[in-house]
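The values are calculated or read from the model by the stated rules, or taken from the named source; none is laboratory data. Everything numeric in this text was worked out from a predicted model, so none of it was measured. Glycine gets a Cβ as well: all are built from the backbone with ideal geometry, and neighbour counts include every protein chain shown. In case anyone asks, the SASA skips ligands and DNA or RNA and just uses the protein heavy atoms, side chains included. Shrake-Rupley method; radii C 1.70, N 1.55, O 1.52, S 1.80 Å.
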Amino acid sequence: MDDRTYTADAEPGETVTVAGWVHEIRDLGGIAFLILRDTTGKIQVKFEKDEMDDDLVERGLAVHRESVISVTGAVEAEERAPTGVEITPDSLEVVAEADPELPLDPTGKVDADLSTRLDNRTLDLRKPEVKAIFEVRSEVLRAVREQFRALDCTEFNTPKIVATGTEGGTELFPITYFGREAFMNQSPQLFKQLVVGSGVERFFEIGPVFRAEEHNTPRHLNEATMIDFEAAFFDHTEAMDACEAVLTAAYEGVAENCAEQLETLDLVDEFEVPESPFPRLTYEEAIERINATGALDEQLVWGDDLPTEGEHALGEAVGEHYFITDWPSDIKPFYIKDYDDDPDVSTGFDMMHPTMELVSGGQREHRYDHLVEGFEQQGLDPEQFEYYTEMFTYGMPPHAGWGLGVERLIMTMLGLDNIREAVLFPRDRQRLSP
Ligand code: ATP
Ligand code: MG
């Protein structure tokens, strides 16, 4: 078992064994310092050459940076040490020697480009500011799960290998499944709807989605993590309330439990829990406001998708998280329900960070005939989706839900320039390993 003392817990007066990585060695002549780093921080190990065993000094100072060592010795208070204490070693063991030629410098003194960092993620993660991103991500997932519990949701895992895509199209990755064509799933959409029709009523999932995105962009991955929510008897406004609650819970969790990480990331002053309720703009108001900014060469008209520059201009004008509601039915997927009194307008919504889309959702079409019609209008063969549509003939309540991209959430929360910073091993057009 791991019975060593964490560097952060080493108290003056104790004799401890600490273990971790050699962060740095400073040889000042008669005295030398080795800085040992573990998951909790760093500690100074002191070598007084004249007073210590020669072999111990020699082995301690010959070890290469980033090697793993274990040191046993007495802890003493030392004001000049980085953490106020230091260890005088009685024994030292080199547990795993590191190559003196490292592909990147974990102390961050030498910059490395993103590609080198991703190729050497193990070394990259030794940097506190990189580790902090993933600790924040972990806290976000914890807080989100807790919020879903508060919303009476049950967590599910749906299949990622599927016979047909949710929305079809070019975004699907085909695979060979025992000689048959299959696909990596682009969204749990259809499965989560099948669950809320079961009587479980409130569903959530946090899992991967696969999209053969046409372009490499700073905000698209080919494998992303999606937070999916779906609830029976909810309409789109209730789904938006749940979305706001989950996003807020994620920020609150980080504010409460990640003070150290925010400090490491230099975000203490900037980090703010978004204020609820978020403004809710209709699509019509959104295009009017974008047109009014003059950011686009051509004015947007009803039915246009919002171009990225338009989203940016609007985000800047709004200046906080906001929803865009009441989208034209034609530019939302077939499974989104249209308003009963105006079939040209859908209950679809997007939740936006000022810089990009975070969430898409809506109330779903739960009426069998309308649903099948929707498949046909979208150019999909309803027969291929019989496993799904059939369940709508056995008592399907009205329902609504949404999907939120985890990496986009982390990226916008921490102001990262590139979505790849928020994924351990990103998958993009060029990158398939590690
Ligand atoms: P966009 O228009 O920004 O490409 P989308 O509308 O195609 O996104 P949705 O299908 O609505 O995406 O997915 C819901 C959410 O999942 C998005 O709002 C986003 O947060 C996230 N997401 C979608 N595609 C990706 C991707 N390729 N990489 C990372 N996150 C994604
Ligand atoms: Mg979307």
Margin query: Restricting to bridges with both residues inside the range 7-96, how much of the DSSP beta-bridge set is antiparallel, in percent to the nearest 5?
Written below: 95 percent
Item checked: Filtered GluC sites (Glu not before Pro), the range 1-104: DSSP coil and at most 14 other beta carbons within 10 Å -> Glu14, Glu51, Glu79, Glu97, Glu101
Notebook entry, point to check: Can you give the extra length, in nm with one decimal, that the chain gains between Arg121 and Tyr6 once fully stretched, where that is 0.36 nm per residue apart less the Cα-Cα distance?
Noted result: 39.1 nm
Check: Ratio of the range 92-226's C-alpha Rg to 2.2 N^0.38 Å, to two decimals?
Finding: 1.43
Next item on the list: Would you list which lysines come within 17 Å of Lys192, measuring only between C-alpha atoms, while excluding same-chain residues fewer than 8 positions from it?
Entry: Lys160, Lys337
Notebook entry, point to check: Considering only DSSP states other than H, G, I, E and B, which GluC sites (Glu not before Pro) in the range 229-333 qualify as loop sites with at most 16 other Cβ atoms within 10 Å?
Noted result: Glu270, Glu272, Glu275, Glu298, Glu320
Next item on the list: Compute the separation of the alpha-carbon centres of the range 276-349 and the range 59-112 and state it in Å as a whole number.
Entry: 55 Å
Check: Can you work out D for the chain in µm² s⁻¹ from Stokes-Einstein, where Rh is the Kirkwood radius over C-alpha pairs, the temperature is 37 °C and the viscosity is 0.692 mPa s?
Finding: 132 µm²/s
Checklist line | Pair Ala150, His64: separation of 7 Å Cα→Cβ label points (nm) | finding: 5.0 nm
Checklist line | Listed residues Phe178, Phe229, Phe183 arranged by accessible area, highest first, probe 1.4 Å | finding: Phe178, Phe183, Phe229
Next item on the list: Sticking with the crude label model, points 7 Å out along Cα→Cβ, report the distance from Glu76 to Asn216 in nm, one decimal please.
Entry: 5.4 nm
Item checked: Computed label-point distance, nm, for sites Thr170 and Ser198 using a 7 Å Cα→Cβ extension -> 3.6 nm
Margin query: I'd like the carbon and sulfur percentage of the solvent accessible area for the chain, probe radius 1.4 Å, heavy atoms only, ligands and nucleic acids excluded.
Written below: 47 percent
Checklist line | log₁₀ of I(q)/I(0) at q = 0.14 Å⁻¹ - the range 7-96, Debye sum with one point per alpha carbon | finding: -0.40
Notebook entry, point to check: What helices does the chain have that are whole DSSP H segments, at least 27 Å long along their own axis by Cα, and with mean Kyte-Doolittle hydropathy of -0.5 or more?
Noted result: 128-150, 236-257
Next item on the list: Give me the accessible area per residue for the range 289-347, probe 1.4 Å, as a whole number in Å².
Entry: 51 Å²
Check: Where a Cα-Cα gap under 16 Å defines reach, which lysines qualify for Lys42, not counting those fewer than 8 residues away within the same chain?
Finding: Lys127, Lys131
Next item on the list: For Glu270 and Glu316, calculate 0.36 nm times their separation in residues minus their Cα-Cα distance, and state this gained length in nm to one decimal.
Entry: 14.9 nm
